[in-house]
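Contents: one structure, followed by commentary.
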Amino acid sequence: MNLSQAAEPSDFDSDRVRRVSSETANSEIDRRTEMRIGRYISEGPQSMRRRIAELDEEWDVERMLQVNASSLALSGLVLGLTVNRKWFALPAVVLPFLLQHGLQGWCPPLPLLRRMGVRTRGEIDREKYALLEALKQE
């Protein structure tokens, strides 16, 4: 099963992160997802169920950006209060990136995360629902 069977093309268009990500990163993520779907289907129902449970726990790119930005901003505030006021520059840099991502769907760390294969919730769900559909057909 390929991704075009698992989701309508309009689903891809509505995904902000995919729209601002490079076509190379999107294609590689799609290719890896299709390979995983095929692998888990070929391994059988038990393997598919285990993978579905893993997918429920997988962090998407939005969560990763939020947690990382919050951690860096909080660290900068604590270090600014306890070590040196220059650490206040860290949240001053990180928080506008988080705001930019919230408004535009893009921020400087996003291309790196996408090249590392971090997926959107929609991409994770496409794999999950393809496996669920395959389980129904078992």
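The values are calculated or read from the model by the stated rules, or taken from the named source; none is laboratory data. Please read these numbers as outputs of a predicted model, since none were measured by experiment. Virtual Cβ from ideal backbone geometry, glycine too; neighbours counted across all protein chains shown. To get the accessible areas, we keep the full protein, side chains included, count just its heavy atoms, and leave off ligands, DNA and RNA. Shrake-Rupley method; radii C 1.70, N 1.55, O 1.52, S 1.80 Å.
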Quiz prompt | Among residues of segment 127-138, those that are open to solvent by 20 Å² or more (accessible area, probe 1.4 Å) and touching a helix residue (DSSP H, G or I) at 6+ places or on another chain (Cβ under 8 Å), counted | solution = 6
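Where in segment 5-77 are there helices (runs of 4 or more DSSP H), lying wholly inside it, with at least 1 residues that are at pLDDT 95 or above and open to solvent by less than 50 Å² (accessible area, probe 1.4 Å)? First the steps, then the outcome.
Numbers: elements: 9-13, 16-20, 23-43, 45-57.
The qualifying helices (runs of 4 or more DSSP H) are 23-43, 45-57.
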Quiz item: Under 8 Å by Cβ, and 6 or more places apart or on different chains, what pairs join a residue from segment 65-94 that is without any contact (Cβ under 8 Å) to a residue 40 or more places away in the chain with one that is basic (Lys, Arg)?
Solution: Gly80/Lys86
Exercise. Would you check which residues across segment 95-118 are free of Cβ contacts under 8 Å to residues at least 60 places away in the same chain, open to solvent by less than 80 Å² (accessible area, probe 1.4 Å) and part of a helix (DSSP H, G or I) and list them?
Key: Pro96, Phe97, Leu98, Gln100, His101, Gly102, Pro109, Leu113
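Condition check ((1) polar (S, T, N, Q); (2) touching a Cys at 6+ places or on another chain (Cβ under 9 Å); (3) over 20 Å from Asn68 (Cα atoms)) across all residues:
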site	(1), (2), (3)
Gln104	yes, no, no
Pro111	no, no, no
Val118	no, no, no
Lys128	no, no, yes
